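S.K.: Could you have a look at this structure, given as structure tokens, before my questions?
Rule-based calculations on the coordinates, nothing more; no lab input. All figures in this text were calculated on a predicted structure; none of them were measured in a lab. Don't worry about glycine lacking a Cβ; one is built from the backbone with ideal geometry, like all the others, and counts go over all protein chains shown.
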Amino acid sequence: MSIVEAIVIAIVEGLTEFLPVSSTGHMVIASSLLGIGSSDFTKLFEVAIQLGAILAVVILYWQKFMRFSQWQFYVKLFVGVLPALIFGYLFNDKIDAMLESPLVVALSMVLGGIVLLFVDRLFKNPTIESDDQITYPKAALIGLWQVISMIPGVSRSAATIIGGMQQKLTRNLAAEFSFFLAVPTMFAATGYSLFLKKWSGDGMERHGYELITASSQNLMAFAVGNVVAFIVALLSIKLFINYLKVYGFRAFGVYRIALGLILLVLIAMGGL
């Protein structure tokens, strides 16, 4: 992977990680168009640069994450992330197989877009306006919604925001709780990919960190990718929250459907 390719994928990650459009789906598309989608380092890179996006959330909401006296907040995050940890561990190989399929991404884009067209109408009259009001059962149910996002193209952000609104959270709180829940979820996924999972690399099985440090080019791509993802994610989160307050999800639904249909056409023509 060249530095330019790393920057392109990192920009895609930073822009889409916290939007309800599927960062994984967009990175799969980007890497496929760049011709590097089948590389194990690319697959590792697409997970590992989430570290930059995680840091963006922690920096923007540092007061929330540093309130150590409010231990219930951390317990709710643990309860919310537990379903994803369990399902991710049990079905990791099947998830990896789906990551190689642009068709799965395209279909998920279209179906998810249809849902987003109507989500503002489906979940009206929210009653929960603060994370202090989120109970442990509600956190667990939102966590179950997050499991759906393991299908490439579904969008972790979309699944958890919809799950939050279904549990009567306001649109803004559902988005913020989705950001909070992303931190332990993405940290766990990145940690697993770096230190536990074996990657084939150049025909040799290595842990993720070994694959990254196998060459100066891989190490540079990893470092640059995380920095770029961090900067872009900072801007993306702020813009998304401001947009969501005024306009809701409809435009994201239209975008997903349009992109999904374009991908289906390209797949049918052999372009992907």
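S.K.: Could you check how many percent of all C-alpha pairs in region 147-272 are farther apart than 20 Å?
M.R.: In whole percent, the long-distance tail amounts to 61.
S.K.: What does the charge count near His207 come to, summing +1 for each Lys or Arg and -1 for each Asp or Glu among other residues with Cβ under 10 Å from its Cβ?
M.R.: +1
S.K.: Within the set of other residues whose C-beta is less than 13 Å from the C-beta of Arg250, count the net charge using Lys and Arg as +1 and Asp and Glu as -1. Intermediate values should be presented prior to the final figure.
M.R.: Numbers: positive: Arg121, Arg171, Arg256; negative: Asp120.
Counting the neighbours of Arg250, the net charge comes to +2.
S.K.: Also: Amide H to amide H under 5 Å from Phe249: which residues, 5+ apart in sequence or cross-chain, H placed 1.01 Å off N in plane?
M.R.: Amide H neighbours of Phe249: Asp120.
S.K.: Taking the Cα atoms only, what angle lies between the long axis of helix 23-34 and the longest principal axis of the chain, rounded to 10 degrees?
M.R.: It works out to around 20 degrees.
S.K.: Roughly how many nanometres apart are two label points built 7 Å out from the Cα toward the Cβ at Asn172 and Ala258?
M.R.: With each label point 7 Å from Cα toward Cβ, the separation is 2.8 nm.
S.K.: Multiply the residue gap between Ser216 and Lys94 by 0.36 nm, knock off their C-alpha separation, and tell me the result in nm, one decimal place. Don't skip to the end; give the middle numbers.
M.R.: Numbers: separation 122, 0.36 × 122 = 43.92 nm, distance 3.11 nm.
Residue separation times 0.36 nm, minus the Cα-Cα distance, leaves 40.8 nm.
S.K.: Set the Förster radius R0 to 45 Å, insert the Cβ-Cβ distance between Glu205 and Leu144 as r into 1/(1 + (r/R0)^6), and round the FRET efficiency to 0.05.
M.R.: On the way: r = 33 Å, r/R0 = 0.74.
E between Glu205 and Leu144, to the nearest 0.05, is 0.85.
S.K.: A follow-up question, please. Output the relative contact order of region 3-268, whole-number percent, from Cα pairs under 8 angstrom with separation of 6+ residues.
M.R.: Contact order relative to length: 37 percent.
S.K.: Please give the length that would be gained between Val4 and Gln133 if that part of the chain were fully extended, namely 0.36 nm times their separation in residues minus their C-alpha to C-alpha distance (nm, one decimal).
M.R.: 42.0 nm
S.K.: Relative to the Cα centre, what is the charge dipole magnitude of the chain, using +1 at the beta carbon of each Lys and Arg, -1 at the beta carbon of each Asp and Glu, and rounding to the nearest 20 debye?
M.R.: Its charge dipole is roughly 880 debye.
S.K.: Once R0 is set to 41 Å, what does the formula 1/(1 + (r/R0)^6) return for the Cβ-Cβ distance between Ala188 and Met269, expressed as a FRET efficiency to the nearest 0.05?
M.R.: Once rounded, the FRET efficiency stands at 0.60.
S.K.: If you don't mind, there's one more thing I want to ask. Hey, which lysines would be in cross-link range of Lys43, C-alpha to C-alpha under 20 Å, not counting anything within fewer than 8 residues on its own chain?
M.R.: Lys94, Lys197, Lys198
S.K.: Next question. Once every DSSP H run of n ≥ 4 in the chain is given -39500 (n - 2.57) and the sum is divided by its residues, what mean residue ellipticity at 222 nm do you get, rounded to the nearest 500 deg cm²/dmol?
M.R.: Calculated from helices alone, the mean residue ellipticity at 222 nm is -24000 deg cm²/dmol.
S.K.: While we're here: Lys/Arg Cβ at +1, Asp/Glu Cβ at -1, dipole of the chain taken about the Cα centre: which of Ile161, Phe91, Leu181 is farthest positive-ward?
M.R.: Ile161
S.K.: Taking the simple approach of a point 7 Å from Cα along Cα-to-Cβ for both Leu122 and Ser39, what is their distance in nm?
M.R.: 3.8
S.K.: A further question follows. Under a Cβ-only charge scheme (Lys and Arg +1, Asp and Glu -1), can you give me the dipole magnitude of region 23-148 about the Cα centre, in debye to the nearest 20?
M.R.: Taking the Cα centre of region 23-148 as origin, the dipole is about 340 debye.
S.K.: Next question. Hey, with R₀ at 25 Å, roughly what FRET efficiency would Asn242 and Gln72 work out to, going by the Cβ-Cβ distance, to 0.05? It would help to have the intermediate numbers written out before the result.
M.R.: Details: r = 28 Å, r/R0 = 1.14.
According to the calculation, E is roughly 0.30.
S.K.: Right, something else. Run a plain Debye calculation on region 39-147 (Cα atoms as equal point scatterers, no solvent) and give log10 I(q)/I(0) at q = 0.17, 0.19, 0.20, 0.22 Å⁻¹, rounded to two decimals, same order as the q list.
M.R.: -1.23, -1.35, -1.37, -1.35
S.K.: May I ask for the net charge around Ile241, where only other residues with Cβ less than 13 Å from the Cβ of Ile241 are counted and Lys, Arg are +1 while Asp, Glu are -1? Spell out each step's value before the answer.
M.R.: Numbers: positive: Arg171, Lys238, Lys245; negative: Glu176.
Summing Lys/Arg as +1 and Asp/Glu as -1 gives +2.
S.K.: For region 120-204, what ratio Rg/Rh do Cα atoms give with a Kirkwood hydrodynamic radius?
M.R.: Checking Rg against Rh, the ratio lands at 1.12.
S.K.: Something else: Which whole-number percent of Cα pairs in the chain have a distance greater than 26 Å?
M.R.: So the portion of pairs separated by more than 26 Å is 39 percent.
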